[in-house]
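Accompanying notes for the structure given below.
Nothing in this text is a laboratory measurement; each read-out follows from the coordinates by a stated rule. The model shown is predicted, which means the values in this text are computed figures rather than measured ones. Cβ: placed from backbone, ideal geometry, glycine included. Neighbour counts: every protein chain shown.
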Amino acid sequence: MKTYKEEIAELLVPHTGLTAQEIVWAITLPQHLDHGDFAFPCFPLAKKLRKAPPAIANDLAGLIKPVGAITKVEALNGYLNFFIDPADFAKRTLGAIALQGAAYGSSSRGAGKTVVIDYSSPNMGKELAFHHLRGTMIGNSLGKLYKRAGYRVVRINHLGDWGTSYGKLIVMFLRDGLKESDLEAMTIERLNALYTAFSNAAKDDPALEDQAREAFQRLEAGDARYRGLWQAFKDITLKELQRIYGFLDVEFDSYTGEAFFLDRMPATMGLLAGKNLVKASQGAEIVDLTEHNLPPVMLRKTDGATLYITRDIAAAIYRKETYAFDRCLYVVDNGQSLHFQQLIKVLELAGFDWYKGVEHVPFGLVLIKSEEGGWEKGKTRSGQSSLLKDVIEGAQEKILGIIREKNPEATNKEGLALQIGVGALVFSELKNRRLNDIRFEWDKALSFEGDSGPYVQNAHVRLCSILRKSAERAGRTGADHPAQAGVGGIDFTKFPEPQAQSLIRTLSLFPDKVGTAIEANDPCPMAQYALEIAEGAHGFIHSCRVLGSVEEKDRLFLIDCARIALGQTLDLIGVPPIEEM
Ligand code: ARG
């Protein structure tokens, strides 16, 4: 079925000299409901037609006759406003939701295209810190959004599993007299402690740094014992990592970390040398980017070791070869912008025209209040705890207290508290624009009011509970889901109230919001949209009684559609769409 925008475009094409697609893109939504449902701005036509936009709008209003569901065309302040028959609008919007259900908002925008998304990608040997949550959840959400838009998505965790830190861990492990037989009982906490102990000990004993470098060299050279320890350290961290990802319901298609690319280093160096890009510089090998106003890229150090960026170059080539991607996104904090500029430039200079599809998707810092009251980025390796697991557990505990008090009957309180806690943390990060730094405040994040996770989850719970009560009244178990039966028997003229109209209009925006989020590579518009639906749903429920009303059947249908749209929105941003709380 055509969208309203497409129908409007058809009417406008003969009079504007624009293509239907251009018109569809230009159409906006009026600020006020009484200005119609869609608006076509005439400003871009002013130059071409040598006329003021209000005059153009007036002319067009005289030329275009309303047809079908378009009931009125009106010029206002340089805009051409289109009014849609409310019953038709409701039928199309709610009909699409009922028909598509969990696939609402799907499109073919990305058909045949592949997008690789690199996110989370933490360094091994230490625990996830709270600040890892943001990139992890932005990437997770982008993966879902791109899938919804029809792309093939490959989710990659580019683990930081190579580098001198492993030398440090090995040095400390051996220094503490530990042996392979101790690995069984080794925990992630112990590993973290070894790392912290190294930092402290190295302050008094600088020779330790040399030992760590030597240990790493042995590791790089393939020393069997060191490789065994490294693998064990990696396995321990991975296990813990997956436990946390389990809480967050985050998944990856591949865990090819940095070490995976080690045996591709010679070929990568050879390839770059073949393009005359590699220069010797004081015993090291670099790519000189002076001409491009970027600092040089060090590919190989004097001791022969390759670097983070060398492995990223190899990884990008590998991804192109393996997945034939159209786009490759790196969701990594904006502190690494220079690294990605260099990476993309090297790919370009190496003659890979696909460098154009490679993109850094940076995000701002998450600041937490320090003990002194200032705002700072949490650290993990220095030992002060702002570990993600502690923050999640903390959130869960606080919520559990509230549930015990307010809803002592709830079953599986711990599980519920975890889902609300996770929802609160995730929402507090994604509701902000990706590039903004954010100041995390417990009270705001966990509040059941205001723009918080618990608030949007609660709106979903309310919708679910009406559907449950409806079933209960009819002596059925579970919840009623009238949308599953389709639009048959629903009277779409039964939504005259402004609150119903406004809710339906909000629900109609879902597909556009998915598009906006993808264009900005930012889940934020989707998180904001969850708030809009929540408000719309509360408004409707507050002013229109559902159960026991004359319009019960139609209103229940609207409630179910709102539940689907809100549930899907929450799922797309990684906030658990819980059904009770
Ligand atoms: N491991 C890196 C870090 O923790 C992030 C890796 C991002 N991905 C990449 N392909 N460079 O800073």
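Anything over 20 Å Cα to Cα? Flag those among Lys126/Lys431; Lys168/Lys203; Lys179/Lys234; Lys147/Lys513, in the order listed. Please list the in-between numbers first.
Working: Lys126/Lys431 28 Å; Lys168/Lys203 13 Å; Lys179/Lys234 16 Å; Lys147/Lys513 14 Å.
Correct reply: Lys126/Lys431.
Other residues within the sphere of radius under 14 Å centred on the Cβ of His35, judged by their own Cβ, net out at -1 (K and R +1, D and E -1).
Cα-based values for segment 102-254, radius of gyration first and Dmax second, are 19.2, 61 Å.
Near Leu367, the amide H atoms lying under 5 Å from its own belong to Ile438, Arg439, Phe440; only residues 5 or more places off or on other chains count, and H is placed 1.01 Å from N. Taking amide H as placed 1.01 Å from N in the peptide plane, the amide H of Gly257 sits under 5 Å from that of Leu159, each at least 5 places away or on another chain. In this structure, the amide hydrogen of Leu80, modeled 1.01 Å from its nitrogen in the peptide plane, lies closer than 5 angstrom to those of Phe40, Cys42, counting only residues at least 5 positions away or on a different chain. Sorting Phe82, Phe198, Phe448 from the fewest to the most surrounding beta carbons within 10 angstrom yields Phe448, Phe198, Phe82.
Each Lys and Arg adds +1 at its Cβ and each Asp and Glu adds -1 at its Cβ; summed about the Cα centre, segment 311-419 shows a dipole of about 100 debye.
If I take every Cα pair under 8 Å that is 6 or more residues apart in segment 371-512, average their sequence separation and divide by the length, what percent do I get for the relative contact order?
Numbers: 94 pairs, mean separation 18.0, N = 142.
Relative contact order here is 13 percent.
Which of the lysines could a cross-linker span from Lys345 if the Cα-Cα distance has to be under 24 Å and same-chain partners fewer than 8 positions apart are dropped? Counting by Cα, and skipping residues close in sequence, Lys345 has these lysines nearby: Lys113, Lys275, Lys279, Lys301, Lys320, Lys356. The calculated 222 nm mean residue ellipticity attributable to helices in the chain amounts to -16500 deg cm²/dmol, summing -39500 (n - 2.57) over DSSP H runs of n ≥ 4 and dividing by all residues.
Fewest Cβ neighbours within 10 Å first, please rank Thr93, Thr411, Thr19 accordingly. Working shown, then result.
Working: Thr93 23, Thr411 7, Thr19 11.
Neighbour counts put them in this order, fewest first: Thr411, Thr19, Thr93.
Relative to the Cα centre, what is the charge dipole magnitude of the chain, using +1 at the beta carbon of each Lys and Arg, -1 at the beta carbon of each Asp and Glu, and rounding to the nearest 20 debye? Spell out each step's value before the answer.
Values: 68 positive and 74 negative charges, 209 e Å.
In total the dipole reaches around 1000 debye.
Across the chain, the convex hull enclosing all Cα atoms gives 196 Å³ per residue.
Defining a contact as two alpha carbons under 8 Å apart and six or more residues distant in sequence, what relative contact order in percent does the chain show? Numbers along the way, then the final one.
On the way: 924 pairs, mean separation 89.1, N = 581.
About 15 percent, as a whole number.
Counting neighbouring beta carbons within 10 Å and listing from fewest to most, the residues Ser543, Ser108, Ser121 come out as Ser108, Ser543, Ser121.
How about Lys48: which lysines have a C-alpha closer than 30 Å to its C-alpha, ignoring those fewer than 8 places off in the same chain? Cross-link targets: Lys2, Lys5, Lys65, Lys72.
Which value, in debye to the nearest 20, gives the size of the charge dipole of segment 97-209 about its Cα centre, when Lys and Arg are +1 and Asp and Glu are -1 at the Cβ? List each step's numbers first, then the result.
Working: 14 positive and 11 negative charges, 219 e Å.
Computed about the Cα centre, the dipole is about 1060 debye.
Using θ = phi - 60° and the Karplus curve 6.51 cos²θ - 1.76 cosθ + 1.60, what whole-Hz ³J(HN,Hα) does each residue of segment 67-80 get, with Gly and Pro shown as x? In residue order, the calculated couplings are 9, x, 6, 7, 9, 7, 10, 9, 8, 8, 6, x, 10, 10 Hz.
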